[in-house]
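Chemist: I'd like to ask you about the structure that follows.
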Amino acid sequence: STGNAPEDDAPNRYSRTERTTYSRYSRDANSSGGSLPSHTLEKRIEELERELAKERQENARLMKITQDKEELIGKLKEEIDLLNR
């Protein structure tokens, strides 16, 4: 089975509060001469956050499947060893 790699925590490095704060600063910067309206950027951020959440769910699902298969492989190897004896 595989353990969680240290990089797994990297996407969660910033809390939602910090991201919201960053979003506010970005909004302020854009209102003072940015090329896109702040509501467009906010919608895009929300869209990307939803997409990221879906991808994280899919990644977790695939990791679980991989772990289950690795466990099954280990059990089958043990069974083969027993049968060979």
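Chemist: Cα to Cα, under 18 Å, and not fewer than 8 places away if on the same chain: which lysines meet these conditions relative to K69?
Modeler: List returned: K77.
Chemist: Just by accessible area at a 1.4 angstrom probe, what is the order of I80, I45 from largest to smallest?
Modeler: I80, I45
Chemist: Using label points projected 7 Å from each Cα along Cα→Cβ, tell me how many nm separate T40 and Q57, to one decimal.
Modeler: Between T40 and Q57, the simple spin-label model gives 2.9 nm.
The values are calculated or read from the model by the stated rules, or taken from the named source; none is laboratory data. Keep in mind that this is a model prediction, so the values were computed, not measured. Here the Cβ is made from the backbone with ideal geometry for all residues, glycine too, and neighbour counts use every protein chain on show. Keep in mind that these areas ignore ligands, DNA and RNA; they rest on the heavy atoms of the full protein, side chains included. Shrake-Rupley method; radii C 1.70, N 1.55, O 1.52, S 1.80 Å.
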